[in-house]
Amino acid sequence: MSKTTDTNKSLYGLSPQEIASLIPHAKAFRGQQIFDWVQKGIESFDQMVNIPKNLKDVLEFEGWGLFSSSILEEQIDEDGTAKLAIRLHDGKVLECVLLTDDKGRKTACISSQVGCAMGCTFCRTGTMGLIRNLKTAEIVEQFHLLQNRFGNISHIVYMGMGEPLANFKAVQASIEILHNPRGVNMGLRKITISTCGIADGIRKLAVEGPHVKLAISLVASDNELRSSVMPINNAYPLEELKSAVKDYQEQTGRRVTFEYVLLGGVNDSRRDANRLSDYIRHMNAIVNIIPWNPGAELDFKAPSGEDVRKFTEYLTQNGVLVTRRYRRGRGVNGACGQLATKNK
Ligand code: SAH
Ligand code: SF4
């Protein structure tokens, strides 16, 4: 790929109105037109064939450009899951993943931060600490780098590195761009934000939107255990988290997914299953069981296939809806932070 643009000067992070404001003397529709081109994933101004050259020159002269990030490394699993290490303009590295399901539908799993401050003890990204928030452009660019490389993407999940609700504004703006009907036009029902449970952020999203699907990384359904593996639970204990999720559902009417990373011998007993069932009773919810993925120095045990099967059965017996979505992708994605840590 050609030279990268400064992150603050990437057109990928701008709405049609924002682009229009860069060229105040041009006809009003030019901002929209340029946006349309950018959101096709273009790499060069030459590709914008119906935009007058003098406008492109103005943008270029003022330092505006396209991709601020580039692909550093690519890794493809046997099952087709692809992970890209992406080099940002300041040399920091993040990763994003492309998951392909049985029907061939492609999901982009994108990052919202380099590293993460939340410190969940079972997560490799957590061990990095927060390095920095991503800019809107850097989030949108991940989608286009994946799509340019692997073809049409039908779903987006904010489940890569970082806590999306801890980088609220940039994540919100990136969704507005990717949802724009003139651009990628990704439906809000096809976008999922996964959060460790920042209740205030969930409430803010309920009020401000966009009303995407919500996934909550629950992992434990009693406060003592949850606080010991997810420190955020000290700030927003289970009761408060539930009340925020209920608010969100009242606003949006959407089913929520509870992600349950199964940690061998820690949260996989029948008692854990019963507690989880009680916690989500009377909610429009589904549980996504994610067998823990071993990551280097982390002190947990992956559950056996039999443990996963039994836990799933306990939940089903309790009438809970269960899925193993993203299971295949976990091979690569559960090792979140691995590539980035290696390349740092
Ligand atoms: N910060 C957000 C989104 C990124 S983490 C969140 O926590 O939801 C994406 C998912 O990967 C979360 O559900 C998290 O619990 C899970 N995860 C983290 N480390 C994992 C590991 N080693 N094995 C399996 N899943 C893991
Ligand atoms: Fe951060 Fe999510 Fe990992 Fe927790 S699970 S450390 S919130 S990325």
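Readers should treat all values here as calculations from the given coordinates under stated rules, not as data from a laboratory. Since the model is a prediction, treat every value here as computed from it, not as a measurement. Because the Cβ atoms are built from the backbone with ideal geometry, glycine has one as well, and the counts that use them run over all protein chains shown.
Set the Förster radius R0 to 51 Å, insert the Cβ-Cβ distance between Ser227 and Asn8 as r into 1/(1 + (r/R0)^6), and round the FRET efficiency to 0.05.
That pair, Ser227 with Asn8, gives E of 0.85.
Normalized C-alpha radius of gyration of the stretch 70-332, against 2.2 N^0.38 Å?
For the stretch 70-332, the normalised Cα radius of gyration comes out at 0.96.
Given a cut-off of 20 Å, name the pairs among Lys135/Lys169; Lys92/Lys204; Lys106/Lys169 whose C-alpha atoms lie farther apart than that in the structure shown.
Beyond 20 Å between Cα atoms: Lys92/Lys204; Lys106/Lys169.
Label point 7 Å out from Arg132 along Cα-to-Cβ: which residues of the stretch 69-91 have amide N under 11 Å?
88-91
Run the helix sum for the chain: -39,500 (n - 2.57) per DSSP H stretch of 4+ residues, divided by residue count, reported at 222 nm to the nearest 500 deg cm²/dmol.
One gets -11000 deg cm²/dmol as the mean residue ellipticity at 222 nm.
Would you work out the relative contact order for the stretch 11-61, in percent, from Cα pairs under 8 angstrom that are 6 or more residues apart?
Once normalised by length, the contact order is 34 percent.
Compute, for the chain, the length of the dipole vector about the Cα centre, with Cβ point charges of +1 (Lys, Arg) and -1 (Asp, Glu) only. Units Debye, rounded to 20.
Approximately 600 debye in magnitude.
With charges only on Cβ, +1 for K and R and -1 for D and E, what is the dipole size of the stretch 11-61 about its Cα centre, in debye, rounded to 20?
It works out to roughly 180 debye.
Quote the relative contact order of the stretch 39-97 in percent (integer), defining contacts as alpha-carbon pairs under 8 Å separated by 6+ residues.
Relative contact order here is 22 percent.
First measure r as the distance between the Cβ atoms of Asn284 and Glu240, then evaluate 1/(1 + (r/R0)^6) with R0 = 25 Å and state the FRET efficiency to the nearest 0.05.
According to the calculation, E is roughly 0.85.
Cut-off 10 angstrom, C-alpha nodes, Gaussian network model of the chain. Which of Gly80, Gly115, Gly41 fluctuates the most?
Top of the fluctuation ranking is Gly80.
Could you give the alpha-carbon Rg of the stretch 11-61 over 2.2 N^0.38 Å, rounded to two decimals?
0.99
Residue farthest toward the positive end of the dipole of the stretch 70-332, with Cβ of Lys/Arg at +1 and Asp/Glu at -1: which of Cys123, Thr195, His144?
Checked the options; the winner is His144.
Can you work out the PRE-style zone for Ser21? Point 7 Å along Cα to Cβ, and I want the residues of the stretch 45-77 with backbone N under 20 Å.
Counting only backbone N, you get 56, 58-66.
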